[in-house]
1. Want the number for Leu88 to Leu142: 0.36 nm per residue separation, take away the alpha-carbon distance, what's left?
2. Taking the mean number of other Cβ atoms within 10 Å as a proxy for protection, how do you rank 107-116, 132-141 from highest to lowest?
3. Quote the charge dipole size of region 73-156 about the Cα centre in Debye, to the nearest 20; the model charges only the Cβ of Lys and Arg (+1) and of Asp and Glu (-1).
4. Length gain on complete extension for the stretch Ile77 to Glu152, per 0.36 nm per residue less the alpha carbon to alpha carbon distance?
5. Which percent of the Cα-Cα distances in region 73-156 go past 14 Å?
Amino acid sequence: MSDALGSRNQDREYSSFPAPRFFRSLRFQLSEIMVQFESALDSTSEQTPLIPGRTSSTGRSRSRSHERSRFSPATLIIPIAIICRFALLLVTTTTFRIIRIVSCQLWYWMNDPSSIPSDGHIPDALCKIPAVDKYFVAITTLFAALGGVACEFFSFNGHEPG
């Protein structure tokens, strides 16, 4: 508030200065606006709403914000990280299930085609015999080895040794 009064005093000091009348009136208007702004700042507090006519429930909003501030951002991210991890595992388990079904069908097609029912669907009980399990393990090992070789090939592709 003292700054606004100081600007009024400057107007009085510079009144003898031969400035155009427009600038003096503009300076006076700005000083009046500053006085109004400072008085508005003095009259507002955290309990009074900034927009007139709105009521605020400060007790509820403060307690909610206080409850939210108890949790760190890491605590809020942990459930998202767990869901993402399970989503990646879901793809893997589905892939293993598909490989198991395909390996079962291939084994029966190559070794015992007469055991395949007429609808083409092989029951799970027939897929759990040790011979089909060995075939499944061989196929998954082959896929893992090929994936490792492909990763090594593409990681060194385009880079000079040295």
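1. 17.3 nm
2. Put in order of decreasing packing, that is 132-141, 107-116.
3. The calculated dipole for region 73-156 is roughly 200 debye.
4. My answer for the length gained is 23.7 nm.
5. Every Cα pair in region 73-156 considered, those over 14 Å come to 73 percent.
Computed from the coordinates by the stated procedures, all read-outs in this text should not be read as laboratory data. Predicted, not measured: the structure shown is a model, and the values here were computed from it. Positions of Cβ are generated from backbone atoms using ideal geometry, with glycine treated the same way; all protein chains shown enter the neighbour counts.
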